[in-house]
Amino acid sequence: MITINHALRNRTLTITDKEREYYKRQLVYPQSALILKQILNRTICADIMNVIDWLPTGFVDLLIIDPPYNLNKNFNGIRFSKTDDETYLEYLRSWFPKIVTTLKPNGSIYICGDWKSTFCLYQIMKEHTVVRNRITWQREKGRGAKTNWKNATEDIWFGTMCNDYYFDVDAVKQKRKVIAPYRENGQPKDWEETEDGNFRLTCPGNFWDDISIPYWSMPENTNHPTQKPEKLIAKLILASCPKNGIVFDPFLGSGTTSVVAKKLGRQYIGIEKNEEYCFWTEKRLAIAETNKTIQGYSNGVFWERNTSNLQLKEQIKEQKNIATKKRKTSKNIFYNIATKKIV
Ligand SMILES: C[S@@+](CC[C@H](N)C(=O)[O-])C[C@H]1O[C@@H](n2cnc3c(N)ncnc32)[C@H](O)[C@@H]1O
């Protein structure tokens, strides 16, 4: 009985052969140098090493790079093998400097990795960017180890190409429960009193503990082994890419970066060598045409984990407010027409 319920609630992306055939026609399979018009808002199905010299330069606002980590991993039949630090650094050096040339002079860059790759990531960032920060994402999933500490975090290094860069902190504010509600003259100081508790909008720090790994009952979930959460990518895009700006992800995987960029009104380009993952990306992009929801981000703020009921309540309240405003406006128009007075 439980198994049936799980199966029913499993929202992991599925795809048919007919859809594969359809989405294949939307992919870009490069044969020679590429111009921006050909690749904007598209998925390029290719090995980055084969097309790196064919990419235009100086057009990207935000680079999000989530490369294979220095681990043994099977990406749908294409294997990546763990190696020593020096060899992994050489691997990064074989593509990173060229990828950076796609950035505008005031562009920003984020690169992801686990604790083992982080030394190499810092090194490559230091060689080619102004390193601004290291974000640590606390993932709640991961196997326990008998003779070591369970690996429960990942790093995301943030860098820019110069000191004059775009950063919109107001777009990534977090709604958090207030633990010690302080009052001044009897009034809440920088927090809001609601029927569901006391909340404050805070500036996000570089330790992120509010983001879950996608799992089977989430609509964003695919079978990609290292899929990033939409909420995590949304923070990077909202903070570091202006509206209509261009986001580029050269290791696109299941398409998370492009999908989130689309949902947030940014343009995108992604490269992925595994064709099956490219099909999943196209299907997710098609769904994003009508569904712009990002789990954990609503009403312009990021919420803590396990607050979906509160978020829903706020959304209903917001919709009611909009409906009331609309009703009032239409009443005014009616009143004006009836009295033949223009206010
Ligand atoms: C860590 S995963 C990215 C996951 C992605 N952020 C997501 O949310 O699904 C790295 C991806 O890079 C792809 N990849 C590895 N080497 C590549 C190459 N040389 N060219 C293009 N893609 C590559 C792998 O197939 C894999 O899907």
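A short reminder: the numbers here are calculations on the coordinates, not readings from a lab. Keep in mind that what you see is a predicted model, and the values were worked out from it rather than measured. Please note: Cβ atoms are built from the backbone with ideal geometry, for glycine as well, and neighbour counts cover all protein chains shown.
Of the residues Asn133, Ser240, Thr256, the one whose Cα sits farthest toward the positive end of the charge dipole of segment 2-306, with +1 on the Cβ of Lys and Arg and -1 on the Cβ of Asp and Glu, is Thr256. With the charge dipole of the chain set up from +1 on Lys and Arg Cβ and -1 on Asp and Glu Cβ about the Cα centre, the Cα lying farthest toward the positive end among the listed residues Gly159, Ile44, Ser212 is that of Ser212.
Pull out a ≥ b ≥ c, the square roots of the eigenvalues of the alpha-carbon gyration tensor of the chain, then state rounded if a/c is under 1.5, prolate if not and a/b is larger than b/c, and oblate in the remaining case. Before the final figure, lay out each step's value.
On the way: a/c = 1.58, a/b = 1.43, b/c = 1.11.
Verdict is prolate for the chain.
The length gained on full extension between Cys162 and Cys203, counted as 0.36 nm times the residue separation minus their Cα-Cα distance, comes to 12.5 nm. Put a dot 7 Å past the Cα of Lys243, heading toward its Cβ, do the same for Asp170, and the two dots end up 1.2 nm apart.
Arranged from fewest to most other beta-carbon atoms within 10 Å of their beta carbon, Trp137, Trp115 become Trp115, Trp137.
Each of Ile211, Ile322 was scored by other Cβ atoms within 10 Å of its Cβ. Arranged with the fewest first, they read Ile322, Ile211. Magnitude of the Cβ-charge dipole of the chain, K/R +1 and D/E -1, about the Cα centre, nearest 20 debye? That gives a dipole near 1500 debye.
If one takes the longest principal axis of the Cα atoms in the chain, at what angle in degrees, from 0 to 90 and to the nearest 10, does the Cα axis of helix 308-339 lie? Between helix and principal axis, roughly 50 degrees. For the listed peptides 176-186, 222-232, a ranking on the average number of other beta carbons within 10 Å per residue, highest first, reads 222-232, 176-186.
Taking only C-alpha pairs under 8 Å that are 6+ residues apart, what is the relative contact order of segment 107-160 in percent? Don't skip to the end; give the middle numbers.
Values: 82 pairs, mean separation 28.3, N = 54.
Dividing the mean separation by the residue count of segment 107-160 yields 52 percent.
Within the chain, antiparallel bridges make up roughly 60 percent of the DSSP beta bridges whose residues both belong there. Mind checking the angle between helix 230-240 and the chain's longest principal axis? C-alpha axes, 0 to 90 degrees, to the nearest 10. Rounded to the nearest ten degrees, it is 90. By other beta-carbon atoms within 10 Å, ranking Glu314, Glu86, Glu272 with the fewest at the front produces Glu86, Glu314, Glu272. Peptides 26-38, 47-59, ordered by how many other C-beta atoms sit within 10 Å of their residues on average, highest first, read 47-59, 26-38.
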